[in-house]
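Remarks on the structure that follows.
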Amino acid sequence: MTDSRRGLILINTGPGKGKTTAALGTALRAVGNGMRVLMLQFLKGSWHYGELDAVKAFGDNFVLRQMGRGFVKVGGAETDPEDIRLVHAAWDEARLAILSGEWDMVILDEINYAISYGMLSPELVAETLRQRPEMVHVILTGRNAHPLLVELADTVTEMREVKHAYQKGILAQRGIEY
Ligand code: ATP
Ligand code: MG
């Protein structure tokens, strides 16, 4: 155990619910410690999540941006080039944010999906993570985290599904899912 501060790479992955919301909880904890947090949401865009409004209370200390347009049609050649363009634009912004040192924590929400759908190279992401200023924390969320990134990460949590309300036919609930 040591007290010295250092930036960590965290991954929230697995099929169970809680990957994005755990990242938001960590962000809240960081902001409460006077840290500045940027959360970029890859792929998301069509739903209006409660957190988009909630973070406004924190001004420039907690900024959340949706970089996609919601549901992405996937599967090799079927992937819409516009969605790939949006993922690359999101990644360009994420890379600059991580390297800038302006943010204490950068959350790359759903980036694991973009990588596992073949829309973004895991090597590129790993390279930037290795180059980042040493105090910067980065959290990556989404199922099917790439092995290269799991290897690079300090803390990896796999959410396991025990049960989910959806299986009983209960639709997404305000305050729980969005
Ligand atoms: P959350 O944003 O609630 O923390 P998540 O980030 O772990 O969820 P995602 O894979 O990003 O999950 O999926 C987002 C949406 O899918 C959420 O509305 C979530 O409730 C729902 N979801 C997550 N896991 C499951 C599951 N095992 N079965 C059905 N729906 C799920
Ligand atoms: Mg999520």
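Here the accessible area is traced with a 1.4 Å probe on the protein chains. For the chain, carbon and sulfur cover 53 percent of it. Given contacts defined as C-alpha pairs under 8 Å and at least six residues apart, what's the relative contact order of the chain, whole-number percent? Relative contact order here is 36 percent.
LEU124 to TYR178: extension gain in nm, 0.36 nm per residue of separation minus the Cα-Cα distance? Let's see the in-between values first.
Numbers: separation 54, 0.36 × 54 = 19.44 nm, distance 3.04 nm.
Result: 16.4 nm gained on full extension.
On the basis of the beta-carbon distance and an R0 of 22 Å, LEU99 and THR21 show a calculated FRET efficiency of 0.20.
A 1.4 Å probe, protein heavy atoms only, puts the accessible area of TRP47 near 100 Å². Between the stretch 87-143 and the stretch 6-56, what's the alpha-carbon centroid distance in Å? Here the answer is 13 Å between Cα centres.
Counting only complete DSSP H runs, which helices of the chain cover 15 Å or more along their long axis at the Cα atoms and score a mean Kyte-Doolittle of -1.0 or above? Each step should come with its number before you reach the end.
On the way: long enough: 19-32 (20 Å, 0.55); 81-100 (28 Å, 0.11).
Both cut-offs are met by 19-32, 81-100.
Solvent-accessible area per residue in the chain equals 56 Å², computed with a 1.4 angstrom probe and all protein chains kept. Calculate how many DSSP beta bridges within the chain are antiparallel, expressed in % of all such bridges and rounded to the nearest 5. Close to 0 percent.
Projected label points at SER4 and ILE84, each 7 Å from Cα along the beta carbon direction, are separated by 4.4 nanometres.
Over 18 Å apart at the Cα level, from the set LYS19/LYS163; LYS44/LYS163; LYS19/LYS56, are LYS44/LYS163; LYS19/LYS56.
The values are calculated or read from the model by the stated rules, or taken from the named source; none is laboratory data. Please read all numbers here as calculations on a predicted model, not as lab measurements. Heads up, the Cβs are rebuilt from the backbone with ideal geometry, glycines too, and the neighbour counts pull from every protein chain shown. Quick note on the areas: whole protein, heavy atoms, side chains included, nothing else; ligands and nucleic acids left out. Shrake-Rupley method; radii C 1.70, N 1.55, O 1.52, S 1.80 Å.
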